[in-house]
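Derivation of every value follows stated rules applied to the coordinates shown; laboratory data play no part. Please read these numbers as outputs of a predicted model, since none were measured by experiment. Glycine also receives a Cβ, built like all others from the backbone with ideal geometry; neighbour counts cover every protein chain displayed.
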Amino acid sequence: MENDFVLNATCKGFPLAAEPCAVSQLGTRDWSLLDDALAYPVAVLRRPALTHNLAWMQDFVQRKGVALAPHGKTTLSPELFRLQLQAGAWGLTFANPHQLRVGLAAGAQRAIIANQLVSDADLDGLDLLLRQHPQARVWFLVDSLSQLQVLADWGARRGNARCWDVLLELGIAGYRTGCRTHEQALTLAQAIAASPVVRLGGVECYEGGLGQCDSAHDIEAVSALVRSVQALVQQIDGQNLWGSGEVLLSAGGSAVFDLVIPMLKLQVKGRLVQGVLRSGCYVTHDHWNYARYLKLVEAREGLSSSLQPALEVWVKVQSVPEPGLAILSAGRRDLSFDQCMPMPVRWAPKDQRAGSAIEAAHKSWQVKALSDQHAHMAFDVEGVWPQVGDRVALGISHPCTTFDKWRWLALIEDDGRISGAISTHF
């Protein structure tokens, strides 16, 4: 893995006429968004908000007495991984060995693959990574006897006696992976304990699919899942089915993460327990979906504020072809749109230069549709008309599906000055 990703003309948003530049050196170029130094569209991270979010989440888990292993699939950025680890993260979470490779190269010593591994290529890859990083500890999920047989078959065919660290996943009927009943889960735990190819390190679940952004519903639904996990943990403990070492209890999406804290603090007789929260989107937050869920977290926790949106995609107004319609220079290839349309959040008129104030976007400006390379923004003809050449910052919902559209993102200060960059490795 490159220690210092090189930006050049092959990277969307980097100007074709500029000399190549290492990510770590971009801040020395003295560029600003208000000087139009970069090619539009350009994805950016507001550095002050990013710094705030890193500290806020670490403070949250420390106050709650649990650990943080943020999901790396949100950003897949080694620079951001290092910042998360430096801020105090216990480890990182990934969806597959490809993503894990990026995290281990960035310095992670502990990782959870929050997914079931069932293919030879993935098992071969994880085996290779563990040999390359012998100090690392990696757990992945198991939820069926069939998967357990796949793991045993791989070892027999490869002549490999590796014993995998695994977490048993308890699922939810109608949702994603995981054992559906306690009977299935306990039978699986017994099989894991009897198997030479796996070691039961703990129990995992994912509560995010239960959230409906209604505190009364969410508290009841997630609390039921917490009680279900607690009962399973007690059954496993009662039969002494754990592998060696401490017991991991892990959960935590980015919407109702506060509600799983009681699960992460369960006690196991005679064992050290490490509760691990896996929220990932906190690092940049967003402008709608997680923002509305965080308002409920703030109310439940008695907070006056929490995370701040850090991710924006800056675009140009490239055409105002008719009253009430402006066409912006970014579309489905550049922006998240799986949860809601991008939202104009900030604005800099075309004659604005570095040192000028960036203004809040006008409330009537709304993106109504996206084409592959264009956003269709409606505006009130009785209000302020956007002009060709104006710069508009679009806020997004669900940062994961914006990050994977960019090989790099600029770090900016609140005045638009470009102070650095990060790379992604999807």
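Observations
- Coarse-grained scattering of region 238-329 at q = 0.22 Å⁻¹, given as base-10 log I(q)/I(0) from a Debye sum over alpha-carbon atoms: -1.04
- Other residues lying with their Cβ under 14 Å from the Cβ of G88 contribute a combined charge of +3, Lys and Arg counting +1, Asp and Glu -1.
- Principal axes of region 71-279: Cα extent on each, largest first, Å: 50, 41, 34
- Using the Cβ of Q373 as centre and a radius below 13 Å, the other residues enclosed give a net charge of +3, where K and R count +1 and D and E count -1.
- Computed over region 310-368, the P(r) curve from all C-alpha pair distances, binned at 5 Å from the origin, holds 4, 15, 25, 28, 19, 7, 2, 0 percent per bin.
- Cα-based helix-to-principal-axis angle, 47-64 vs the chain, degrees rounded to 10: 30 degrees
- 222 nm mean residue ellipticity, helices alone, for the chain (DSSP H n ≥ 4; -39,500 (n - 2.57); rounded to 500): -9000 deg cm²/dmol
- Shown for S371, S397: other C-beta atoms within 10 Å of each C-beta, ranked fewest to most, produce the order S371, S397.
- Peptides 97-106, 118-127, 227-236 ranked from most to least packed by the mean count of surrounding Cβ atoms within 10 Å: 97-106, 227-236, 118-127.
- In terms of distances greater than 29 angstrom between alpha carbons, the cross-link table entries K64/K363; K12/K64; K350/K405; K295/K363; K64/K405; K73/K363 yield K64/K363; K12/K64; K64/K405; K73/K363.
- Evaluated on region 56-109, the Kirkwood hydrodynamic radius is 11.1 Å, with distances taken between all distinct Cα atoms.
- Within the chain, percent of DSSP bridges classed antiparallel, to nearest 5: 50 percent
- Centre separation in Å (Cα based) which lies between region 113-165 and region 371-426: 40 Å
- Each residue in F337, F257 was given a count of other beta-carbon atoms within 10 angstrom of its own, and listing them fewest first yields F337, F257.
- Taking V166, V268, V66 in turn, the Gaussian network model of the chain (Cα-Cα springs below 10 Å) assigns the largest fluctuation to V268.
- Charged neighbours of L141, selected by a Cβ distance under 13 Å, balance to -3 (K, R count +1; D, E count -1).
- Given R0 = 30 Å, the distance between the Cβ atoms of S304 and S364 translates into a calculated FRET efficiency of 0.55.
- Cα-only Debye scattering, region 311-426: base-10 log of I(q)/I(0) at q = 0.11 Å⁻¹: -0.35
- Most fluctuating residue given options D218, D372, D35, as computed from a GNM of the chain linking Cα atoms under 10 Å: D372
- Sequence-distant lysines (8 or more away, or on other chains) whose Cα lies within less than 17 Å of K368: K316
- Short-range pairs are left out: with C-alpha atoms under 8 Å and at least six residues apart, the relative contact order of region 71-279 is 14 percent.
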